[in-house]
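Trainee: For reference, the structure I am asking about is given below.
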Amino acid sequence: MNSHNNVESSPPLLTLDHLKKYYPIRKGILNRIVDNVKAVDGVNLSIFPGETLGLVGESGCGKSTIGRSIVGLEKPTEGRILFDGKDIAGLSTGEMISLRSQLQIVFQDPYSSLNPRKRVSELLAEPLKVHRIVPDKDVSKEVDRLLDIVGLPKNSRNRFPHEFSGGQRQRIGIARALSLKPRLIVCDEPVSALDVSIQAQVLNLLKDLQKEFNLTYLFIAHGLGAVRYISDRIAVMYLGKIVEIGTTKEIFENPQHPYTRALLDAFPVTNPRLRNRKKTVLQGDVPSPVNPPMGCRFHTRCPQARAECQEREPELVGDGLHSVACYFPNE
Amino acid sequence: MESLLAVSHLQTAFDTDQGKVISVDDVSFSLKPGETLAIVGESGSGKSVTALSIMRLLGRGSHTDKGQILLEGTDILKLEEKQMRDVRGNQISMVFQEPMTSLNPVFTIGYQMCEAIKLHLNQGNKEARASAITMLRKVGLPRPEEMMDEYPFALSGGMRQRVMIAMALSCKPKVLIADEPTTALDVTVQAQIMRLMKELCEEAGTAILLITHDLGVVAEMADRVLVMYAGQVVEEADVYTLFDYPKHPYTRGLLKSIPRLDAAEGEQLESIPGAVPTRYQSMKGCRFYNRCYLATEHCRDHLPPLEDKEAGQLARCWEVGRTGERVGEEAHE
């Protein structure tokens, strides 16, 4: 695990500046925009070189939209995405291509993210050829090297994706992302679809690769165990906003936001002796991101909400180690 | 205590293009009244097929021709389909993983709730409606009267799962089979649903057969645990023993490969090498053989029996508990 201090000293590799992504809801014969799904609603975030930032939250909180916006699969509605100091938010597809080699993504579902009609060798050779990573004559050698790095046998090159298990497919996905020698990899729930005994293999592989190739990860997940294991810092999202961000130690040992605490409490612990521990169980569901509650977005489910919380939205305040968006943290 | 549901040597097979595939092989367990028994395993381990075999919901191409499923002494595998309908929903009911697809989208919540109540409890329209509303209130749904006339699409995933639980418990079954009841839900909603199921079943004395892949859910809910691997039970123990002193190498490996919230910083996660075998039919010996750190040649050729290793803790392993067992790894603490 990187110690946070030496990470912080260098300028961030990626900065999100008031990032917003709204999806319009259209209705009627004129197809007018009647409302917006506010998937990401003003997110500020920095990722430093060599670190792993974990992004957690429940479904629909906007965590995947952030990941997809960073690699250019979604165009942000507002705000800037600074990669190495350069705004990449509004880039055209053509301009994005040259950046793709530096920004890669590993998807959740290893079953749908690989073309079933291509052999592994083709799947891995394609990005190498498009981006001219190695001369054409060396492509085959490079494919072998990639397979070796992610721990797949050499004879996998001539096989099709359906011949592999979920964990092995995820390794192919990782090899494909690595082939371009990226600096930042967005891991969008890379282990959620895998069996428990396979999850650990893939998490360990991601960790080893990070050390070996000095990679920076944005690790998106809803499983807190995996996030804690792999992340240096963690950001907690709720309804399109970051409600708390801090070092992994701070978030787990000293959670400040009532939502973070509820999330930690709700997570099933693999120790039956702790089953009767005191825990906050939140009531109700996450409100709709079309009409997020006024004031603090969490106040409708917050066990300690007061009048102030309904009026103004709290800002994220704190230092580099720990920031929280709550008027009454840790009460 | 007398067991409520006793499954012995259950075998379920499917006809496929490649011939007969046995997906549940020699599974035995018993469920006492009011108890929560968890069946835990990875995908393809046969845990859901076990549940569906008990409900006899597997349909054409499946054979459950070996073994017995005794519900209070009656073998339900021998019942006529008509008699089985009396058992389903009334004595054994089931909650499925997907709350999105297990409700019929073209009928109102009220219609679907009342259908079972009228059929099994012989209640009239008015009476059934009143019982349905009581159940919806019990599972903590807001404005139950209005919800009766709403359609499933208007509800969130968590609310639908509450409706499913209300429906499953409306006829006061003796056994509730919950097949991954919280897997499709968010963590905060999962916590609500687990608490709700536990409370309602305790109140009514209903036994729960919980099918899950999540050892966290097992630790929170179960009294006893059955670990399945490749169609077979590999370990059975009470929940505390299982988490404190897992015996089977597979269980040990599983417990070590979960990233824990209370792990020390920088602790390395251990993983089980390889993957679950897909063609375990042809394996003569132990099905965990090629991933096991204790495996010997004997394990390759001989299938170990599920036997009592220590005070009611069963494991299917030749090596474990043998004097001089190679302590390759210490037990999970």
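The values are calculated or read from the model by the stated rules, or taken from the named source; none is laboratory data. Model, not experiment: these values are computed from the prediction. We place every Cβ from the backbone using ideal geometry, glycine too, and count neighbours over all the protein chains shown. These accessible areas exclude ligands, DNA and RNA; they are computed on the full protein's heavy atoms, side chains included. Shrake-Rupley method; radii C 1.70, N 1.55, O 1.52, S 1.80 Å.
Trainee: Within the stretch A:201-222, is even one residue open to solvent by 10 Å² or more (accessible area, probe 1.4 Å), within 23 Å of A:S323 (Cβ to Cβ) and touching a helix residue (DSSP H, G or I) at 6+ places or on another chain (Cβ under 7 Å)?
Mentor: Within the stretch A:201-222, one or more residues are open to solvent by 10 Å² or more (accessible area, probe 1.4 Å), within 23 Å of A:S323 (Cβ to Cβ) and touching a helix residue (DSSP H, G or I) at 6+ places or on another chain (Cβ under 7 Å).
Trainee: Run A:Q108 past the list (1) in contact with a Ser or Thr (Cβ under 7 Å, 6 or more places away or on another chain); (2) of a type outside the set (D, E); (3) under 30 Å from B:Y250 (Cβ atoms); (4) open to solvent by less than 30 Å² (accessible area, probe 1.4 Å) and report the number of the one that doesn't hold.
Mentor: Failing condition for A:Q108: (4).
Trainee: Would you be able to tell me the number of residues in the stretch B:304-324 that are in a loop (DSSP other than H, G, I, E, B) and more than 13 Å from B:D238 (Cα to Cα)? Before you say what the answer is, go through the steps one by one.
Mentor: Filtering the stretch B:304-324 down to residues in a loop (DSSP other than H, G, I, E, B) leaves B:304-305, B:311-312, B:317-324.
With more than 13 Å from B:D238 (Cα to Cα) added as a condition, the list becomes B:304-305, B:317-324.
Selection size over the stretch B:304-324: 10.
Trainee: Here's another thing I want to ask about it. Given (1) touching a strand residue (DSSP E or B) at 6+ places or on another chain (Cβ under 7 Å); (2) at pLDDT 90 or above, where does B:R88 come up short, assuming only one miss?
Mentor: Only one criterion in (1) touching a strand residue (DSSP E or B) at 6+ places or on another chain (Cβ under 7 Å); (2) at pLDDT 90 or above is unmet by B:R88, namely (1).
Trainee: Take the stretch B:216-237 and flag every residue that is open to solvent by less than 10 Å² (accessible area, probe 1.4 Å), within 12 Å of another protein chain (Cβ to nearest Cβ) and under 13 Å from the mean Cα position of the chain (by Cα).
Mentor: Result: B:V217, B:V218, B:M221, B:A222, B:V225, B:V227.
Trainee: Taking only the stretch B:160-179 into account, find how many residues are polar (S, T, N, Q) and open to solvent by 20 Å² or more (accessible area, probe 1.4 Å). Even if it seems obvious, please write down each step before you answer.
Mentor: Here is the first cut: in the stretch B:160-179, the residues polar (S, T, N, Q) are B:161, B:170.
Now drop any that are not open to solvent by 20 Å² or more (accessible area, probe 1.4 Å), which leaves none.
Total satisfying the criteria: 0.
Trainee: Only strands (runs of 3 or more DSSP E) wholly contained in the stretch A:1-117 count here; list those with 2 or more residues that are in contact with a Pro (Cβ under 8 Å, 6 or more places away or on another chain).
Mentor: Here the list reads A:14-27, A:32-47, A:103-106.
Trainee: Just for helices (runs of 4 or more DSSP H) wholly inside the stretch B:104-183: which have at least 2 residues that are within 14 Å of chain A (Cβ to nearest Cβ)?
Mentor: Filter on the stretch B:104-183 gives B:157-169.
Trainee: Now for a different question. From the set of residues in the stretch B:184-199 that are in contact (Cβ under 8 Å) with a residue 12 or more places away in the chain and among the charged types (D, E, K, R), which is nearest to the other protein chains (Cβ to nearest Cβ)?
Mentor: B:D186
Trainee: How many of the residues in the stretch B:82-132 are more than 17 Å from B:P173 (Cβ to Cβ) and free of Cβ contacts under 8 Å to residues at least 12 places away in the same chain?
Mentor: Number of matching residues: 8.
Trainee: Looking at this structure, is B:I133 in contact with an Asp or Glu (Cβ under 7 Å, 6 or more places away or on another chain) and closer than 19 Å to B:A204 by Cα?
Mentor: On the way: in contact with an Asp or Glu (Cβ under 7 Å, 6 or more places away or on another chain): yes; closer than 19 Å to B:A204 by Cα: yes.
Yes.
Trainee: Right, next: Being free of Cβ contacts under 8 Å to residues at least 40 places away in the same chain, farther than 16 Å from A:L124 by Cβ and not aliphatic (A, V, I, L, M): is that true of A:S165 here?
Mentor: Answer is yes for this residue.
Trainee: Please verify whether the stretch B:203-210 includes one or more residues that are within 13 Å of chain A (Cβ to nearest Cβ), out of contact with any strand residue (DSSP E or B) (no Cβ under 9 Å at 6 or more places or on another chain) and in a helix (DSSP H, G or I).
Mentor: Within the stretch B:203-210 (the criterion being within 13 Å of chain A (Cβ to nearest Cβ), out of contact with any strand residue (DSSP E or B) (no Cβ under 9 Å at 6 or more places or on another chain) and in a helix (DSSP H, G or I)), the answer is no, since none of the residues qualifies.
Trainee: Output the number of residues of the stretch B:200-214 satisfying the condition of being of a type in the set (G, A, S) and either open to solvent by 10 Å² or more (accessible area, probe 1.4 Å) or free of Cβ contacts under 8 Å to residues at least 40 places away in the same chain (or both).
Mentor: 2
Matching residues to (1) out of contact with any Phe, Trp or Tyr (no Cβ under 6 Å at 6 or more places or on another chain); (2) at the interface with chain B (Cβ under 8 Å from one of its Cβ atoms); (3) not β-branched (V, I, T):
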{"site": "A:D188", "(1), (2), (3)": "no, no, yes"}
{"site": "A:Q199", "(1), (2), (3)": "yes, yes, yes"}
{"site": "A:V202", "(1), (2), (3)": "yes, no, no"}
{"site": "A:K207", "(1), (2), (3)": "yes, no, yes"}
{"site": "A:K211", "(1), (2), (3)": "yes, no, yes"}
{"site": "A:L218", "(1), (2), (3)": "yes, no, yes"}
{"site": "A:A221", "(1), (2), (3)": "yes, no, yes"}
{"site": "A:L224", "(1), (2), (3)": "no, yes, yes"}
{"site": "A:G240", "(1), (2), (3)": "yes, no, yes"}
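Trainee: With the requirement that a residue be charged (D, E, K, R) and either more than 23 Å from B:K32 (Cβ to Cβ) or surrounded by fewer than 23 Cβ atoms within 10 Å (Cβ to Cβ) (or both), what does the stretch B:238-277 give you?
Mentor: Passing the criteria: B:D238, B:D244, B:R252, B:K256, B:R260, B:D262, B:E265, B:E267, B:E270.
Residues checked against (1) closer than 25 Å to A:D208 by Cα; (2) aromatic (F, W, Y); (3) within 15 Å of the chain's Cα centre (by Cα):
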site	(1), (2), (3)
A:S10	yes, no, no
A:I47	yes, no, yes
A:T65	no, no, yes
A:L82	no, no, no
A:G94	no, no, no
A:S112	no, no, no
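Trainee: While we're looking at this one, here's another question. Would you say A:K249 is under 24 Å from B:I258 (Cβ atoms) and open to solvent by 40 Å² or more (accessible area, probe 1.4 Å)?
Mentor: Yes.
Trainee: Against the conditions (1) modelled with pLDDT under 95; (2) under 28 Å from A:N291 (Cα atoms), where does A:F252 fall short? Just the number, please.
Mentor: A:F252 satisfies all of (1) modelled with pLDDT under 95; (2) under 28 Å from A:N291 (Cα atoms) except (2).
Trainee: OK, next. When residues of the stretch A:143-162 are filtered for being within 28 Å of the chain's Cα centre (by Cα) and either open to solvent by 70 Å² or more (accessible area, probe 1.4 Å) or more than 21 Å from A:S113 (Cα to Cα) (or both), how many remain?
Mentor: 3
Trainee: When both residues are 6+ apart or on different chains and their Cβ atoms are under 9 Å apart, which pairs have a first residue that lies in the stretch B:238-265 and is within 7 Å of chain A (Cβ to nearest Cβ) and closer than 20 Å to B:D308 by Cα, and a second that is part of a strand (DSSP E or B) and open to solvent by 10 Å² or more (accessible area, probe 1.4 Å)?
Mentor: Here the result reads B:V239/B:R224, each pair linking the stretch B:238-265 to a residue that is part of a strand (DSSP E or B) and open to solvent by 10 Å² or more (accessible area, probe 1.4 Å).
Trainee: Okay, moving on. Restricting the stretch A:266-283 to residues that are open to solvent by less than 40 Å² (accessible area, probe 1.4 Å) and either more than 8 Å from chain B (Cβ to nearest Cβ) or outside any loop (DSSP other than H, G, I, E, B) (or both), which is farthest from A:P303 (Cα to Cα)?
Mentor: Checked the stretch A:266-283; the qualifying residue farthest from A:P303 (Cα to Cα) is A:P272.
Trainee: Quick one: in the stretch B:45-61, which of the residues that are among the small types (G, A, S) and crowded, with 19+ Cβ neighbours inside 10 Å is farthest from B:Q83 (Cα to Cα)?
Mentor: Taking the candidates together, the pick is B:S45.
Trainee: Return yes or no: is B:D17 open to solvent by 40 Å² or more (accessible area, probe 1.4 Å) and without any contact (Cβ under 8 Å) to a residue 40 or more places away in the chain?
Mentor: So B:D17 passes the test.
Trainee: Right, something else. Sort out which residues of the stretch B:64-98 are small (G, A, S) and open to solvent by 50 Å² or more (accessible area, probe 1.4 Å), and write them in order of number. Give the steps one after another, and end with the answer.
Mentor: Residues of the stretch B:64-98 that are small (G, A, S), as a first pass: B:67, B:73, B:89, B:93.
Answer for the stretch B:64-98, where residues must be small (G, A, S) and open to solvent by 50 Å² or more (accessible area, probe 1.4 Å): just B:G73.
Trainee: Confirm whether A:C296 is over 20 Å from A:A39 (Cα atoms), modelled with pLDDT of 90 or more and either more than 10 Å from every other protein chain (Cβ to nearest Cβ) or open to solvent by 20 Å² or more (accessible area, probe 1.4 Å) (or both). Even if it seems obvious, please write down each step before you answer.
Mentor: Numbers: over 20 Å from A:A39 (Cα atoms): no; modelled with pLDDT of 90 or more: yes; either more than 10 Å from every other protein chain (Cβ to nearest Cβ) or open to solvent by 20 Å² or more (accessible area, probe 1.4 Å) (or both): yes.
When the stated conditions are applied, A:C296 does not pass them.
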